[in-house]
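Written out below as C-alpha cells is the structure these notes cover.
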Amino acid sequence: MSAPQSGSTRPFVIGVTGDIASGKSTVLEMLGKFGAETINADDIYHELIQPGQPLAKALVDHFGTDIAAPGGGIDRRALGTIVFADPVALAELDRITHPAVIEAAVARIARSTHPLVAIDAVKLVESGMADYCDEVWLVESDPAIQLERLVVRNGMDPDDARARIAAIPDRTPVRARASVLIDNSGSRADTRAQVEQARQRIPVS
C-alpha cells in the first residue's frame, strides 16, 4: 500500500467521515451522483468477516467462539456486545480490523477506472485510512438532529441513542485534518449545495 503520489494516474480520493447519524452516507450518495465511484468501509468490513475469510478467523481466535455466526463468519451483534462495553476490547478490534479494511480499500482504489473515488469510513483519520486520501471531508450534524435520526430512522431506544452520542470522542483532531466541513443539520438541498460546491473545487472531470 502507498499513500497518494503527486502526478500519478491514480484517482483523486475523497475520504468522507463523521459520527453516527451525521449523514456520511448521504454525502457519499451525493458524491456518487456527481461522478465519483463510492466505497463504503463498513461494506468492506462486512465482506471480510464472512465465512472462510482470514479476518473472520482472526477475530474468532482473539475474541472467542461466542462471536462466531452459525455457518461461519462473525455475529456482529455478539461482537458488538463485547467491544462496546469495553474500551480495551474495542481498541483490540480496531487493531485487528483496520489494516485489513485499509488494504482492501486501497486495492479497490487501485483498480478503479474513475478519476474520482469517495470512501466513507467512521474512523477514517484514526485508522490511518486518511493517509491514502487526497482530501478529508468531515460531515457534522447538530446532536439533537443526530438523536432524532437514531430514534426515528434506526428505531433506537432514546436512552441508548443518547449514550451513543455522549460516547462520541473529541473530534478536534479529525476537524483539524479535514479539508472540507459539511454541515448536514439542515435540509437535503442545503447539504447537496455544500457537496456540489466542494466537488467543483476538485480538478477532475
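Quick note: the coordinates plus some simple rules give every number you see, no bench work behind them. Predicted, not measured: the structure shown is a model, and the values here were computed from it. Note: ideal-geometry Cβ built from the backbone for every residue, glycine included; neighbour counts use all protein chains shown.
In debye, nearest 20, what is the charge dipole magnitude of the chain about its Cα centre with +1 on Lys and Arg Cβ and -1 on Asp and Glu Cβ, if you could check?
The dipole magnitude comes to about 540 debye.
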Quiz item: Is any helix in the chain, taking whole DSSP H runs, at least 30 angstrom long along its axis by alpha carbon and on average at least 0.5 on the Kyte-Doolittle scale, and which ones?
Solution: 87-111
Quiz prompt | Beta bridges by DSSP in the chain, antiparallel share as percent, to the nearest 5 | solution = 5
Quiz item: If you stretched the chain out fully between Asp42 and Ser185, how much longer would it get, using 0.36 nm times the residue separation minus the C-alpha to C-alpha distance?
Solution: 49.2 nm
Quiz item: With each pseudo-label sitting 7 Å past Cα toward Cβ, what's the Ala89-Lys57 distance in nm, one decimal?
Solution: 2.4
Quiz item: How large is the dipole of region 65-114 about the Cα centre if only Lys and Arg carry +1 and Asp and Glu carry -1, each at its Cβ, rounded to the nearest 20 debye?
Solution: 300
Quiz prompt | Selection from Tyr45, Val88, Ala68, by position along the positive dipole direction of region 43-113 (Cβ) | solution = Tyr45
Quiz item: Taking neighbour counts of Cβ atoms within 10 Å as a proxy for exposure, in what order, fewest first, do Val151, Val136, Val27, Val60 appear?
Solution: Val151, Val60, Val136, Val27
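For the chain, would you read off the P(r) tail past 30 Å as a percentage of all alpha carbon pairs?
Summing the P(r) tail past 30 Å for the chain gives 25 percent.
Quote the FRET efficiency, to the nearest 0.05, computed for Glu103 versus Arg76 with a Förster distance R0 of 22 Å and r equal to the Cβ-Cβ distance.
0.60
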Quiz prompt | Interatomic Cα distance distribution for region 43-113, bins of 10 angstrom, percent | solution = 20, 51, 22, 6, 0
Self-check item: Value of relative contact order over the chain, rounded to a whole percent, pairs C-alpha under 8 Å and six or more apart
Solution: 35
